[in-house]
Structure formats: structure tokens, C-alpha cells
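Remarks on the structure that follows.
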Amino acid sequence: MKLNFRQVCMFWGSMDVLYLANYLWQSITEGRIPLIDDIFSFNQLYTEQGGGYWLILIFTLSMITTLSIFFSAVLLLTAWDKAIYLVAAQTPLRLLLVMPSLSFLPWILKGINPGGIGPALVLLLTSETLKVWSLIISRKRNK
């Protein structure tokens, strides 16, 4: 089966758009301004938890990941061949923050097995491996 780089990029770009749409939808339905209210909520959480560098680190990584998903969506939808580098840099953050590239996986898992961490981790690893592998293979074949 031949993977077309443009089609692979369009698929993964649309998965990033789906993630961003879900993020925006959840924020707006809760009456929050995306990213801005996240910062305010973090400030409140930071004082409630007594501070700590690990809170700042996780929050910063979360913000970087969310912003990088926006940029990767744009780059993937334009099928820019260097987008693979952003995807590769993003993968460890997605794994750390448990944000699968297949954006519909959390919805499926919630319906099938609401508390199972094992299947969720397997699907997360599969999702990220599939994304990076498909982009690398399709890019090599189209050169």
C-alpha cells in the first residue's frame, strides 16, 4: 500500500484540528476564554497547592503542547515536508501529557472502558507511533 504524503498530512492535520476544536468547545461551553482562563486557573491552583517547580513545569509543557498542536495542524494541512520535525518534537510532550494524536480515542475509551489505564496507555503509544511512522514512511516514498 502506497502512502501519499499529502493525504497522510491532511489526516493528521485534521486530527490536530479536531483536538483544537474540542479544546475550544469545552472552554467556550464552560464560559472560559481559551488559554487566558487557563493561565488564571493555573495561578489559583498554584497558590492552592503551595507552589512548586513541578507545577510550573507541567503547566508550561501543557501550554507549549497546545500551541504546538495549532502550528502542527497548520503545517500538516499545508503538507509542508518539514512538519515531521515539529511532530517528532511534539511526541514526547504528547506522551507525557497523555494527549493522543488520534483525537477521538479519549471519547471511544470513555464509552468502552471508563477507568482502564492499561488500554489507554497502549492506544496512546499506538497513536503516536502510527503518526510518526506514517509521516516518515510516506515522506520517504514520495521523494
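The values are calculated or read from the model by the stated rules, or taken from the named source; none is laboratory data. Note that this is a predicted model, so its numbers are computed, not measured. Counting neighbours? That spans all protein chains shown, and the Cβs are built from the backbone with ideal geometry, glycine included. SASA here: full protein model, heavy atoms, side chains in, ligands and nucleic acids out. Shrake-Rupley method; radii C 1.70, N 1.55, O 1.52, S 1.80 Å.
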Inset, instruction - Using the Cα centre as the reference, give the magnitude of the dipole from point charges on the C-beta atoms of the chain (Lys, Arg: +1; Asp, Glu: -1; all else neutral), rounded to the nearest 20 debye. - result: 900 debye
Inset, instruction - Give a quick list of trypsin sites (Lys or Arg not before Pro) in region 1-36 that DSSP marks as loop, anything other than H, G, I, E or B, with at most 13 other Cβ atoms within 10 Å. - result: Lys2
Inset, instruction - Provide the gained length on full extension for the span Gln26 to Phe11, in nm with one decimal, where the gain is 0.36 nm per separating residue minus the Cα-Cα distance. - result: 3.1 nm
Inset, instruction - Determine the relative contact order of the chain: mean sequence separation of Cα pairs under 8 Å and six or more apart, normalised by residue count, in whole percent. - result: 40 percent
Legend entry - Cα-based Lys proximity count in the chain, under 25 Å, for pairs eight or more positions apart or on separate chains: 10
Inset, instruction - Name the shape class, rounded, prolate or oblate, that the alpha-carbon gyration tensor gives for region 1-41, where a ≥ b ≥ c are the square roots of its eigenvalues, rounded holds for a/c under 1.5, and otherwise prolate holds if a/b is larger than b/c and oblate otherwise. - result: prolate
Inset, instruction - Per DSSP H run of n ≥ 4, the term is -39500 (n - 2.57); total these for the chain, divide by its residue number, and report the mean residue ellipticity at 222 nm rounded to 500 deg cm²/dmol. - result: -26500 deg cm²/dmol
Inset, instruction - Could you check the simple spin-label distance between Ala89 and Trp54, using points 7 Å along Cα→Cβ, in nm with one decimal? - result: 2.7 nm
Inset, instruction - Using a Gaussian network model of the chain whose springs link C-alpha atoms within less than 10 Å, name the residue from Ile36, Ile58, Ile84 with the highest mean-square fluctuation. - result: Ile36
Inset, instruction - Compare the Cα positions of Phe5, Leu75, Pro119 along the charge dipole of the chain (+1 at Cβ of Lys, Arg; -1 at Cβ of Asp, Glu; about the Cα centre) and return the one farthest towards the positive end. - result: Phe5
Inset, instruction - For the chain, give the percent of accessible area contributed by carbon and sulfur heavy atoms, probe 1.4 Å, rounded to a whole number. - result: 72 percent
Legend entry - Gyration tensor (Cα) of region 1-74, equivalent ellipsoid semi-axes in angstrom: 32, 15, 7
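Viscosity 0.890 mPa s, temperature 25 °C: what is the translational diffusion coefficient of region 21-63 from Stokes-Einstein with a Kirkwood Rh over Cα pairs, rounded to a whole number of µm²/s? List each step's numbers first, then the result.
On the way: Rh = 11.1 Å.
Answer from the Stokes-Einstein relation: 221 µm²/s.
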Inset, instruction - Would you work out which of Ile84, Asn142, Gly51 lies farthest towards the positive end of the dipole of the chain, given +1 charges on the beta-carbon of Lys and Arg and -1 on that of Asp and Glu, about the Cα centre? - result: Asn142
Inset, instruction - Could you compute the FRET efficiency for Phe40 and Leu96, with r as their C-beta to C-beta distance and R0 at 30 Å, rounded to 0.05? - result: 0.80
Legend entry - Those chymotrypsin sites (Phe, Trp or Tyr not before Pro) in region 56-106 that DSSP places in a loop and that have at most 16 other beta carbons within 10 Å: Trp80, Phe104
Inset, instruction - Return the ratio Rg/(2.2 N^0.38 Å) for region 42-119, where Rg is computed over Cα atoms only. - result: 1.35
